[in-house]
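Structure first, commentary second.
The values are calculated or read from the model by the stated rules, or taken from the named source; none is laboratory data. The structure displayed is predicted, hence computed values, not measured ones. Methodologically, a virtual Cβ is constructed for each residue, glycine included, from the backbone with ideal geometry; neighbour enumeration extends over all protein chains shown.
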């Protein structure tokens, strides 16, 4: 076995002493690291979060966008507003109205995907060492952004109704009593990535009340809210309080991610700072993409398309749940999401999802191990299973392969005792069980 | 006259105490603030830096990009690589070869416009308080980015051959002797924005030698290098030293800015950090835009298009220089750029370009006052005049109006003495004279 020589790899980068302190938080995300393996055609990938957009009206879209270039090219291919195109911001208000939000286009800034929206929000709010409260577990890409601005993440306990308000109160008091600042609470209330949990309406009301009481900003990240399967879209936190909520929206799941168009809806003072930060970061968000999406919303049946997505993803969710039911051993548990892209699975006691990963790959199935969704090392018995991209048949087959991998691991454990080459402690309570 | 009540405007933003320290550097750029006025149709705008892209082959482009959506929509509208699409990175190597650069696609990361490339470079390199050396004057958008990461900018004297190497040495020694770090030197060697100055080849060699001697990173920002009028493209700094130069490229001026596609070419260690920072900032740069540009480069005569741009902008440069010759009063001087978009003008002694701005607007001509291009308050006798967007006739007419505004100001000064409502000191040496 070759041990990498750290001195050599250091010597290879002459800039090793030049990097800013904030780069210490930069690391390869667990999701990204899996891509090479998960994208091999023989592997059923339950790992990626890539939407299935093959049912979009490609012919109509191609003709509409091609025509737009011919008729308005010099405008739509030039620089635009740092805040984003006004017509698109008006259309975004119509989209948000589906979740009960009343907003003015003036309070929206367009971002290069909602990931960049979160980056800008963090940039204008977080000083190094400031605390950000998050759900348990939470979106790996948000953890990366917070870390790159040297924010300190604290996970708050979360149950099947969402983040627990008394936990928010306790964490805030603890942080404040140590002289630090809670800069905001980051939540994905609809079909959380990775847990799939939907925050109940009652819980939303309680969380808003706590935020008002403690004067905490809520950052509501909502890519999946319109992709409900068994119920109508739920009222956004922003629909309950316009003053304490910064709202992040995205076209990546209701239309297509490749345009990289998301948005932030924020109170006026925050919005002004966000626009300045956007101009500093990009001059203006992608102009051509904005016109393309605006044209799609104007000329295509976007609401009908969302209905189609809901029904398509529901079939896939059903295939995954059926497969888990058929193939998982006793002692395994998982969430039953009513929308979105993800199921969160907890392995039987003693299993480690990082460790199981290689065996799963050899059985030609991929998932994302749970530890990436925690800033504090928890999640080792968990995995994120996504049902967005493969067909229902492939998803079902994926669960069969996963069941095989788990059975093989269990057999080895029965034969040789507890197998854990990494030496991590067994018997820890796994998150998601409480 | 209404004096704004600072307490009231503060009370209007309940988040006023929540912002991160880095937002203190965020301010409305002088260029952006002018847009509302400069875009009125009766005004000749010599202010904006918007390229004239009306001669692009719109029909061919619309048909190529529309066809791409029909044939490959599910791929080109989905998430893509954080580093950027491989084929486009290969094509970018062909583009850079025109300025003598030999590079591997592996060492390129795509950015959301080269502005975002600069943002990422600053993010991974600059700690608060680190020093960045820049030309005098330099790009206002770069000053904004450096400020937003709390970098400290020091201007180095610049003449008609570019930045002065002995000034770089002196500034570096001064910074280092005070215990601080020069993180990099930022330069626009080709047709500097705003001065229009082209760094001579001899000066490039000297600068590289100084960078090697002092072990300083050079950040070479090159949006205009292929838009030469009277000479062939010059060798890039990066073509002379691959180890000390981080190179920023852009399609905004050689094709179209609305796609927001630029790139960074960097040594391997830096590149790795930039890709992680890009994933954290946006997940991936605009995918659809990248495929659209790649298709343009594959199917259209992009080199011929650049020739057309060169000849079109040359005519506009000529109109501006002819107009200045015909309409500027004695004591005015200006640069004679051999490419790019900008002329840098120095008003006669005693004039203030910020102050003249309102009078120019009433004469229906707009420019950007010089102070925005300095971090240290200089530039008050200067203005940036751009010749990229209006027709040659309008540009010439703009100089006539500017001449009228200056003459009117001069007349008032002769009648009433020195007119300076802002109370800034007169008689200061103006930058650009040395």
### Task
Confirm whether residue B:197 is in a helix (DSSP H, G or I), touching a residue at least 12 places away in the same chain (Cβ under 8 Å) and out of contact with any helix residue (DSSP H, G or I) (no Cβ under 6 Å at 6 or more places or on another chain).
no
### Query
Which helices (runs of 4 or more DSSP H) does region B:53-143 wholly contain that include 1 or more residues that are more than 23 Å from the chain's Cα centre (by Cα) and farther than 18 Å from residue B:224 by Cα?
B:58-76, B:86-97
### Query
Taking region A:314-325 as the region of interest, how many residues are surrounded by fewer than 21 Cβ atoms within 10 Å (Cβ to Cβ) and either out of contact with any helix residue (DSSP H, G or I) (no Cβ under 7 Å at 6 or more places or on another chain) or part of a loop (DSSP other than H, G, I, E, B) (or both)?
4
### Task
Count, please, the residues in region B:253-271 that happen to be more than 8 Å from chain A (Cβ to nearest Cβ) and within 30 Å of residue A:148 (Cα to Cα).
7
### Summary
Across region A:199-245, the tally of residues that are on the phi < 0 side of the Ramachandran plot and within 14 Å of another protein chain (Cβ to nearest Cβ) stands at 14
### Query
Does at least one position in region A:152-167 carry a residue that is modelled with pLDDT of 95 or more, over 20 Å from residue A:199 (Cβ atoms) and in contact with a helix residue (DSSP H, G or I) (Cβ under 9 Å, 6 or more places away or on another chain)?
yes
#### Entry: Index of the failed condition, residue B:226 passing every other in (1) in a loop (DSSP other than H, G, I, E, B); (2) at pLDDT 95 or above; (3) more than 16 Å from residue B:305 (Cβ to Cβ)
(3)
### Summary
Within region B:402-417, residues touching a strand residue (DSSP E or B) at 6+ places or on another chain (Cβ under 9 Å) and either over 30 Å from residue B:52 (Cα atoms) or crowded, with 22+ Cβ neighbours inside 10 Å (or both) come out as B:402
### Summary
Reported set for region B:200-223 where residues are part of a loop (DSSP other than H, G, I, E, B) and more than 27 Å from residue B:181 (Cα to Cα) is B:200, B:223
### Message
Checking the structure you have, find out if any residue of region B:157-177 is within 14 Å of chain A (Cβ to nearest Cβ), under 21 Å from the mean Cα position of the chain (by Cα), outside any helix (DSSP H, G or I) and buried (at least 22 other Cβ atoms within 10 Å of the Cβ).
### Response
no
### Residue that is nearest to the chain's Cα centre (by Cα) [pool: residues in region A:378-394 that are in contact (Cβ under 8 Å) with a residue 60 or more places away in the chain and within 17 Å of residue A:135 (Cα to Cα)]
A:384
### Query
Is one or more of the residues making up region A:129-139 more than 30 Å from residue A:201 (Cβ to Cβ), within 13 Å of another protein chain (Cβ to nearest Cβ) and in contact (Cβ under 8 Å) with a residue 60 or more places away in the chain?
no
#### Entry: Selected residue (only one of B:287, B:343 is surrounded by 19 or more Cβ atoms within 10 Å (Cβ to Cβ) and under 23 Å from residue B:56 (Cβ atoms))
B:287
### Task
Look through region B:59-104, keep the residues that are within 14 Å of another protein chain (Cβ to nearest Cβ) and in contact with a strand residue (DSSP E or B) (Cβ under 6 Å, 6 or more places away or on another chain), and return whichever of them is surrounded by the most Cβ atoms within 10 Å (Cβ to Cβ).
B:84
### Message
Out of everything in region A:345-370 that is assigned to a strand (DSSP E or B) and under 11 Å from residue A:406 (Cβ atoms), what residue ends up being farthest from the chain's Cα centre (by Cα)?
### Response
A:365
### Message
Looking at region B:358-377 only, could you name the residues that are touching a residue at least 24 places away in the same chain (Cβ under 8 Å) and under 22 Å from residue B:412 (Cβ atoms)?
### Response
B:359, B:360, B:361, B:362, B:363, B:364, B:365, B:366, B:367, B:369, B:370, B:371
### Query
On the given criteria, is residue B:350 modelled with pLDDT under 95 and touching a helix residue (DSSP H, G or I) at 6+ places or on another chain (Cβ under 8 Å)?
yes
### Query
Given the conditions (1) more than 16 Å from residue A:270 (Cβ to Cβ); (2) at pLDDT below 85; (3) surrounded by fewer than 13 Cβ atoms within 10 Å (Cβ to Cβ), and given that residue B:11 satisfies all but one, which numbered condition is not satisfied?
(1)
### Query
In region A:105-118, what residues are touching a strand residue (DSSP E or B) at 6+ places or on another chain (Cβ under 8 Å) and either away from every other protein chain (no Cβ under 14 Å) or within 30 Å of residue A:369 (Cβ to Cβ) (or both)?
A:108, A:111, A:112, A:113, A:114, A:115, A:116, A:117, A:118
### Query
When you scan region B:272-293, how many residues do you find that are part of a helix (DSSP H, G or I) and at the interface with another protein chain (Cβ under 7 Å from one of its Cβ atoms)?
10
